[in-house]
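Every number in this text was worked out from the coordinates using simple rules, so none of it is lab data. Worth saying up front: this structure is predicted, and the values here are computed from it rather than measured. Here the Cβ positions follow ideal geometry from the backbone for every residue, glycine too, while neighbour counts run over all protein chains shown.
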Amino acid sequence: MTALPEVLLGELLRRQALQFATAESCTGGLIGHRITNVVGSSDYYRGGIVAYAYEAKVGLLGVSWNTLHQHGAVSRQTVLEMAAGARLALGADLAVSVSGIAGPGGGMPNKPVGTTWIGLAAPAGLWARLFVFSNADREANKAASAEQALQMALAYLRGERNLDRVPAE
């Protein structure tokens with residue numbers, strides 16, 4: 001049986017002596033929930049910031065109003081600022097962020113329901129991936145977003161650095 005990504009993530013973080021943080025919008029803390037379900041996660045998980053509203057993204061994570069007004073909350077630019085802000089605010093080596101349209105409403109022609117950006121901030125730089133999940137179900141989109149955020153952190157810890165080039169699902 002394959003270990004859950006949050007278990008593998010914990011093993012790699014512990015082995016590499018790194019601290020981890022999360023910045024979540026559409027997942028509402030689901031990534032942090034999964035991480036803290038792992039026994040011993042306090043060894044490497046600094047915490048998470050759930051920043052749903054624009055004001056929370058700005059005040060807690062340092063996302064610029066200009067970024068939000070120019071690109072929107074569901075954008076590459078926003079998740080990069082969210083991840084960098086979480087890394088700084090929580091004193092972590094590595095942070096992931098997620099912002100998306102979970103649905104069933106809120107979609108637009110250029111950003112349909114299921115559109116999700118995931119960001120990662122690390123000492124080596126910043127990365128972002130775009131996913132468009134085809135689920136009309138809110139819970140399914142949240143679960144898929146959390147899963148992909150964990151997978152992105154795992155990919156980074158395994159040495160992958162072409163994280164921007166993953167095609168949309």
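Give the Kirkwood hydrodynamic radius (Å, one decimal) of the chain, defined as one over the mean of 1/r across all pairs of different Cα atoms.
On the way: mean 1/r = 0.0644 Å⁻¹.
After inverting the mean inverse Cα-Cα distance, the result is 15.5 Å.
Among His69, His33, which comes first, second and so on when ranked by fewest other beta-carbon atoms within 10 Å? List each step's numbers first, then the result.
Numbers: His69 9, His33 15.
Fewest to most other Cβ atoms nearby, the residues stand as His69, His33.
As a check on your grasp of the helix formula, calculate [θ] at 222 nm for the chain: sum -39500 (n - 2.57) over DSSP H runs of n ≥ 4, divide by the residue count, round to the nearest 500.
The per-residue figure over the chain is -12500 deg cm²/dmol.
Net charge near Ala143: determine it from the other residues with C-beta under 11 Å of the C-beta of Ala143, scoring Lys and Arg +1 and Asp and Glu -1. Provide the component values of the computation, followed by the final result.
On the way: positive: Arg34, Arg138, Lys142; negative: Asp137, Glu139, Glu147.
Net of charged neighbours comes to 0.
With +1 assigned to the C-beta of every Lys and Arg and -1 to the C-beta of every Asp and Glu, and no other charges, what is the dipole magnitude of the chain about the Cα centre in debye, to the nearest 20?
On the way: 14 positive and 13 negative charges, 44 e Å.
With Lys and Arg at +1 and Asp and Glu at -1, about 220 debye.
Which of Arg34, Arg76, Arg46 moves most in a GNM of the chain, Cα contacts under 10 Å?
It is Arg34.
Which of Val58, Val50, Val39 moves the most in a Gaussian network model of the chain with Cα springs under 10 Å?
Val39
How high is the relative contact order of the chain, in percent, counting Cα pairs under 8 Å that sit 6 or more residues apart?
Values: 352 pairs, mean separation 38.1, N = 169.
Relative contact order for the chain comes out at 23 percent.
Report the percentage of all Cα-Cα pairs in the range 37-90 whose separation exceeds 17 Å, rounded to a whole percent. Spell out each step's value before the answer.
Numbers: 534 of 1431 pairs.
Roughly 37 percent, rounded to a whole number.
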